Amino acid sequence: SDITLGQYYAVDSLIHRLDPRTKLFGTMVFILSLFVANNIWGYLLGTIALAAVIVLTKVPVRFILKGLKAIVILLLISVSFNLFLTPGRELVRFWIFKITWEGIRLAGFMAVRLIYLVVGSSLMTLTTTPNQLTDGLEKGLGFLKRFHVPVHEISMMMSIALRFIPILVEETDKIMTAQKARGASFSEGNLVQRAKALVPILVPLLVSSFHRAEELATAMECRCYRGEAGRTKMRQLHAASRDYIAMTVTVLLFAAAGAVKI
């Protein structure tokens with residue numbers, strides 16, 4: 001329930017009504033701007049843009065932020081490495097570790113960057129259905145077909161993978177609950193014992209994943225799915241004026257992020 005990436009939050013909002021290609025483009029530009037910005041002004045601009053999008057999506061902030069629980073360990077590791085291993089002007093030293101001003105700055109930027117990456121990616125999936133995401137990827141990457149790249153198949157695989165993230169997490173939680181009811185413990189013992197305790201979870205999870213994949217393949221075959229060949233779409237993607245305005249604003253924000261870097 002704490003994984004927001006891959007879930008769709010059904011509500012009527014301006015962001016929900018945007019073309020999926022616009023949202024994919026905006027997400028990619030936002031991610032690039034996070035790596036372009038290297039000072040507080042660039043991240044402040046990204047914060048304002050992200051907050052504005054969150055308000056426009058009408059998705060509860062608490063629902064969006066709960067997805068950050070899944071990256072707490074990764075966030076702590078990343079911040080710790082940058083905090084203690086960055087050379088520069090020494091501020092505090094204890095034992096073999098030292099904290100520098102440059103380390104604090106880099107650790108703070110890295111934490112903000114990682115959090116914004118997760119939140120920005122989650123906003124795209126929260127406001128875009130799997131079908132829309134597949135159509136948007138296929139249309140957006142359509143130029144690669146000239147180079148014989150299977151764009152449709154790649155888009156389908158990516159959308160299915162995103163859609164199955166919350167399903168697999170939910171399945172894992174059910175298996176862990178069932179194992180705990182049988183007396184299993186996942187928090188006791190040393191590292192090797194904890195790793196062995198995960199085996200009763202991984203085996204049924206893999207079996208369940210293969211069953212779901214087989215059921216999905218059977219369902220697609222029953223609906224006469226044969227890939228892109230001869231496939232038509234009931235809903236065609238058409239960019240509206242709001243999409244062009246959104247892309248223009250996104251490009252301007254990216255240009256501003258590059259300008260404040262200079």
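The values are calculated or read from the model by the stated rules, or taken from the named source; none is laboratory data. Remember, it's a predicted structure, so these values are computed and weren't measured experimentally. Here Cβ is always computed from backbone atoms with ideal geometry, including for glycine, and neighbour counts include all displayed protein chains. Note: areas computed on protein heavy atoms with side chains; ligands, DNA, RNA excluded. Shrake-Rupley method; radii C 1.70, N 1.55, O 1.52, S 1.80 Å.
Summary table below
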item	result
Cβ-defined net charge surrounding Glu102, 13 Å radius [Lys, Arg +1; Asp, Glu -1]	+2
Area accessible to solvent at Glu153, 1.4 Å probe radius, in Å²	70
Stokes-Einstein D in µm²/s, Kirkwood radius over Cα pairs - segment 131-251 at 20 °C with 1.002 mPa s viscosity	117
Largest-first ordering by accessible area, 1.4 Å probe, given options Arg21, Arg105, Arg62, Arg235	Arg62, Arg235, Arg105, Arg21
Among Met156, Met176, Met110: highest mean-square fluctuation, GNM of the chain, C-alpha pairs under 10 Å	Met176
P(r) tail fraction, segment 132-174 - alpha-carbon pairs more than 11 Å apart, %	65
Positive-end residue of Leu114, Thr177, Gly140, charge dipole of the chain with Cβ unit charges	Leu114
Linear extension gain, Arg17 paired with Ala195, 0.36 nm per residue minus alpha-carbon span	59.6 nm
Net charge, Phe25 excluded, C-beta distance under 12 Å - Lys, Arg +1, Asp, Glu -1	+1
Value of Rg/Rh across segment 103-155 [Cα atoms, Kirkwood radius]	1.23
Sequence ranges 193-201, 43-51, ranked by mean other-Cβ count within 10 angstrom, highest first	43-51, 193-201
Residue of Leu137, Leu76, Leu56 that the Gaussian network model of the chain assigns the largest fluctuation, springs spanning Cα pairs under 10 Å	Leu76
Helical mean residue ellipticity (222 nm; -39500 (n - 2.57) per DSSP H run of 4+; nearest 500) of the chain	-22500 deg cm²/dmol
The chain, Rg to Rh (Cα coordinates; Rh as Kirkwood inverse mean 1/r)	1.03
Rg and Dmax of segment 1-141, Cα atoms only, in Å	17.6, 56
Candidates Pro150, Pro20, Pro87, ranked by Gaussian network fluctuation over the chain, Cα under 10 Å, top entry	Pro87
Members of Lys69/Lys98; Lys58/Lys139; Lys69/Lys180; Lys58/Lys174; Lys58/Lys233; Lys69/Lys139 lying beyond 24 Å, as alpha-carbon distances in this model show	Lys69/Lys98; Lys58/Lys139; Lys58/Lys174; Lys58/Lys233; Lys69/Lys139
Part-to-part distance (alpha-carbon centres) for segment 146-172 and segment 189-262, which is given in Å	5
